[in-house]
1. By DSSP, what percent of the beta bridges with both residues in the protein assembly as shown are antiparallel, rounded to the nearest 5?
2. Placing the label point 7 Å from Cα along the Cα-to-Cβ direction, what are the distances from A:GLY194 to the equivalent spots in the other copies, shortest first, in nm to one decimal?
3. So how do B:ASP50, A:ASP228 rank on accessible area, 1.4 Å probe, biggest first, that is with the largest at the start?
4. Out of every Cα pair in segment A:9-167, what percent are spaced more than 28 Å from each other?
5. Among A:PHE78, A:MET1, A:LEU11, which residue has its Cα positioned farthest towards the positive end of the charge dipole of segment A:1-132, with +1 placed on the Cβ of Lys and Arg, -1 on the Cβ of Asp and Glu, and the dipole taken about the Cα centre?
6. Lys and Arg at +1, Asp and Glu at -1: add these up for the other residues within a Cβ distance under 14 Å of A:ASP114 and post the number.
7. As a test of the formula, what do you get for the protein assembly as shown when each DSSP H run with n ≥ 4 contributes -39,500 (n - 2.57) and the sum is divided by the residue count, at 222 nm and rounded to the nearest 500 deg cm²/dmol?
8. Taking the label point as lying 7 angstrom from Cα along the Cα-to-Cβ axis, what are the distances from B:TYR18 to the corresponding position in the remaining copies, in ascending order and in nanometres?
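The values are calculated or read from the model by the stated rules, or taken from the named source; none is laboratory data. Please read all numbers here as calculations on a predicted model, not as lab measurements. No Cβ is skipped: glycine too gets one built from the backbone with ideal geometry, and neighbour counts run over all protein chains shown. Heavy atoms of the whole protein, side chains included, go into the accessibility calculation; ligands, DNA and RNA do not. Shrake-Rupley method; radii C 1.70, N 1.55, O 1.52, S 1.80 Å.
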Number of protein chains: 2
Amino acid sequence: MSVLVVGSTALDSIKTPYRENPRLLGGSASHAAVAASFFGPVKLVGIVGDDFPRPYRQLYLRHRIDISGLQTARGKTFHWSGEYEVNMNNRRTLATELGVFEAFTPTLPPSHRDASFVLLANIAPSLQHHVLDQVRRPRFVVADTMDLWLNVALKELLRLLPRVDAFVLNDSEARQLTQEDNVISAVRRIHRLGPKYVIVKKGEHGAILSAPSGFFLSPAYPLERLVDPTGAGDSFVGGLIGYLASRSGPLEVNLRRAMIYGSAVASFCCQGFGLTVTTKTTRTGIEKRVRELARMVSF
Amino acid sequence: MSVLVVGSTALDSIKTPYRENPRLLGGSASHAAVAASFFGPVKLVGIVGDDFPRPYRQLYLRHRIDISGLQTARGKTFHWSGEYEVNMNNRRTLATELGVFEAFTPTLPPSHRDASFVLLANIAPSLQHHVLDQVRRPRFVVADTMDLWLNVALKELLRLLPRVDAFVLNDSEARQLTQEDNVISAVRRIHRLGPKYVIVKKGEHGAILSAPSGFFLSPAYPLERLVDPTGAGDSFVGGLIGYLASRSGPLEVNLRRAMIYGSAVASFCCQGFGLTVTTKTTRTGIEKRVRELARMVSF
């Protein structure tokens, strides 16, 4: 079944201790849509300016991503620029130029409203609401977020949580949202805010799925060299929903495997700047890492 | 087969934001020996002063720990006092009074020299060497350490590594030892220093075993409330070697399961001050958590 991905489409200028990379294709929707595309059809909804490079549009198309919902407006594409320290857990935003994103309203083409699997990738909660108002009867809705929205749009975010099946956030965001220092306690509190499934991303330490049947502890694929973790969380959740939409059978069983597929795709994302390595990946390459992860946790 | 545990035997005064607990039974050898005792016979080698409380000696005996190698010297038992912050990853040492430990030479009774499984729990590397000089033909030697020895006894520690089968340390120690920010790269470097097996403890994020056949990623048992993590690493390694010594069959296969048993015992340790909860645990309780962990990682 097809996946609808709504989120940001951006140009990312990423500085690390080793290199500078100006205006790479980025944004939560770009990473998530490419990650999901390895498993089946994907429809992307976002907005770009008239400066959006043609090769990036072609990149989406090469991944067979339906971009009929990608709006083009007069003005500049959302531009984010950031810098990583040697310890890549520490990131500093240098500039955020919203451009056309400032006036973005994610209007779904009629063909997108019957989507079964909906990923509300990281954007303002009010826009995530707006997408949900338009989809008819989705089978599974996943929402991702970031610390910014906890600070500036908490009320809207809290109103969103009962509307989604799965809520994804990272460990520090889970602590911030619940004022709980312990991640497991934080997860329990987040369930009470609405979502049946809570997924906490922990970067190199993997991710936790909390479901009615209990916890699933998903490992991260061990990498000896991290080139650029930008978009890893988006790739994780994109791979997750892409795999999920491609499977029949019990959702909760599939969701566990989907976490592993998400981890596998995210690991490729971290190995190159922006989408450079992810786009070179194949389904075969992903399956290989999933098998490796299976071996690494079996006892 | 029986396990020989050599390390510190101490009285721990532990302060957390919630409680103060003076002079609990602690020390690396105490935690490790009790943890190992759930799986088979354990011989403990350490030193205490003439102030060592009788009930603590009885505690060892209740766990069927052979304390014929526990020396008693005139003077005070090693006393450590520390304080945890709300975030229990942050610990501050308030006082370290070595007492009789200062003059400790771990002399093995003749009956201990044929030990097959040897755990060099956290003590000075020179003492760990001294133990290895006395054992005859151990089947498997595990050494644990702490950041202090990286700072004050690095040369001795580096000389120890080729003499052990498995070396255990936590992630920050692995980074410090190798000057590698990436844990996976750090592990590769540590192998080059000698040990066939490298085990990196990551607290609530579990532990990594690096073996000739590849990585094993062991989860930590998720706990909603951490009471006192003191000794969790010692319990982990104690449970690990205890389980390992109890099994026949291929060592590397057993070692993976041993990591899970170590995690299970360590989780009990964290749920109470000192050894209070660990000592109330049963093999049945440990097996239950191992089964739960198996479910939490299966996909």
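1. Within the protein assembly as shown, antiparallel bridges account for around 40 percent of the total.
2. Label-point distances to the other copies, shortest first: 5.8 nm.
3. My answer, sorted largest first, is B:ASP50, A:ASP228.
4. When every Cα pair of segment A:9-167 is considered, 22 percent fall beyond 28 Å.
5. The listed residue farthest towards the positive side: A:MET1.
6. +4
7. That calculation yields -11000 deg cm²/dmol at 222 nm.
8. Reported distances to equivalent positions: 4.3 nm.
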